[in-house]
Amino acid sequence: MIWEAIKRTKSEKLNLDVVWLDLANAYGSVPHEMIQLALRMYHVPEIIQVMLDDYFSGFRMRFSTYDYTTNWINPKVGIAMACTISPILSVMAIEVILKAAEGSAGPANLGGGCSMPLLKAFMDDTTVICSKEDETRRMLTRLDVLMLWCRMEFKPKKSRRLSIRKGKVDEATTFTVADQRIQTVKSLGRCYDSCIEDTRRGAETLDLASESHLAINKYIQGIFKICCLQLMLILKLLWPLLAYDICSTTAEAIEAKINKYTRKRLGVPPGLSDVAMYYRKAKLKLPIKSILEEYKCGKARLLTMLKESDA
């Protein structure tokens, strides 16, 4: 949705500021008081609130050195990494902060009567979307104040920004968070450059596949080359294929390279068809996967998710 807003801003020649903020030490900095506030705000039954309060009050820690060991202390911040409910509670606590900041600016204007909420969040990543520069600065200041109030902070070094003025990227506009300048621009694996298009990403991904094949062939030995290709390279290439608007012909070209390399390393004839390699109901089923099929499944999954979320 953010990418669609950026492309629409470019086509309509409008103004837009997008700031991606990363929360520092997301799991370790969430105050337990914020979790209790979020539980009350979202009307969680009192018996659950008491149970979670007892759960977090049972957290204890101490430090040891060669000379002495400290007494047990009860931390007032932080949630358990391997806990099932901790990510949900963390998101609830962050949502309280975002709700408190929503009134600082209005929705982003995308032209043609379309607008977008000014705040979007995914786990510990928060995105600010504003049509006016002064609203963006006001929103960042408000978020800074709220983070200071709840003893949390954003990480400026991992935060990014993108400013568009009349449909073109503006490098002169700068924003700050935690008194540090925010850099430009790569978020969730997607790189936003001055052209604001994905036309070059297909060729870059194809080049990445070729370079990775050469690196695997040079540094990995024997059957481990196939393992590295299947368990590492395909996953590495799938992310740009799904994050950008890359056509299926690029995915087909990458698969052709992978299939040629795989046949050579498995010692099978070059004429072995793709169906024989990836067919799941054959008597001899190879434990390999097709990047083209993974690409198609990922695109279909994304389309289904967007259609079903429309309600």
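The values are calculated or read from the model by the stated rules, or taken from the named source; none is laboratory data. Just so it is clear, the structure is predicted and the values come from calculations on it, not from any experiment. Cβ placement follows ideal geometry from the backbone for every residue including glycine, while neighbour counts extend to all protein chains displayed. The accessibility values were calculated without ligands, DNA or RNA, using every heavy atom of the protein model including side chains. Shrake-Rupley method; radii C 1.70, N 1.55, O 1.52, S 1.80 Å.
Size descriptors for segment 96-156 (Cα atoms only): Rg and Dmax, in that order, 11.9, 41 Å.
Applying 1/(1 + (r/R0)^6) with R0 = 25 Å to the Cβ-Cβ distance of ALA215 and TRP239, what FRET efficiency is obtained, to the nearest 0.05? Efficiency for this residue pair is about 0.90.
The residues of segment 53-182 have, on average, 59 Å² of accessible surface per residue, using a 1.4 Å probe with all protein chains present.
The lysines within cross-link reach of LYS155, meaning a Cα-to-Cα straight distance under 16 Å and a gap of 8 or more places when in the same chain, are LYS186. Counted residue by residue at 0.36 nm each, then reduced by the alpha carbon distance between them, the extension gain from LEU208 to ARG151 reaches 16.4 nm. Taking 0.36 nm per residue of sequence separation and removing the Cα-Cα distance, the CYS228/VAL275 pair yields an extension gain of 14.7 nm. The alpha carbon centroids of segment 1-80 and segment 227-296 are separated by 39 Å. Normalised by residue number, the volume inside the convex hull of the Cα atoms of segment 1-159 is 142 Å³ per residue. Straight-distance candidates among the aspartates and glutamates for linking to LYS168, with alpha-carbon spacing under 17 Å and chain neighbours fewer than 8 residues away dropped: GLU4, GLU12, ASP17, GLU133, ASP193, GLU197, ASP198. Ordering ALA24, LEU266, LEU242 by Cα displacement along the dipole of the chain toward the positive end leaves LEU266 in first place; charges were set at the Cβ atoms of Lys, Arg (+1) and Asp, Glu (-1).
Which pairs in the list LYS13/LYS299; LYS264/LYS285; LYS157/LYS236 are over 27 Å apart, alpha-carbon to alpha-carbon? Violating the 27 Å limit, Cα to Cα: LYS13/LYS299.
Principal axis extents of the C-alpha atoms in the chain (largest first, rounded to whole Å): 65, 60, 44.
Rank TYR66, SER86, GLY103 by how far each Cα sits towards the positive end of the charge dipole of segment 43-141 (+1 on Lys, Arg Cβ; -1 on Asp, Glu Cβ) and give me just the farthest. Comparing the listed Cα positions along the dipole, TYR66 ranks first. Where the alpha-carbon atoms of segment 34-75 are placed on the principal axes, they occupy 48, 16, 8 Å, in descending order. Computed extension length for TYR42-TYR68: 4.9 nm, one decimal, from 0.36 nm per residue of separation with the Cα-Cα distance subtracted.
In terms of its C-alpha gyration tensor, segment 216-311 comes out prolate, because a/c is 1.5 or above and the ratio a/b outweighs b/c. Across the chain, the mean sequence separation of Cα contacts (distance under 8 Å, 6 or more residues apart), normalised by length, yields a relative contact order of 19 percent. When chymotrypsin sites (Phe, Trp or Tyr not before Pro) are flagged only if DSSP places them in a loop and at most 15 other Cβ atoms lie within 10 Å, the longest unflagged stretch of the chain comes out as 73-278. Output the 0 to 90 degree angle, nearest 10, between the alpha-carbon long axis of helix 32-41 and the longest principal axis computed from the alpha carbons of the chain. Computed tilt is about 90 degrees.
Within the shell of other residues whose beta carbon sits under 12 angstrom from the beta carbon of ILE47, the net charge comes to -3, with Lys and Arg scored +1 and Asp and Glu -1.
To check you understand DSSP bridge types, tell me what percent of the beta bridges within the chain (both residues inside) are antiparallel, rounded to 5. The partial results should precede the final answer.
On the way: 28 of 29 bridges.
Counting DSSP beta bridges with both partners in the chain, the antiparallel share is about 95 percent.
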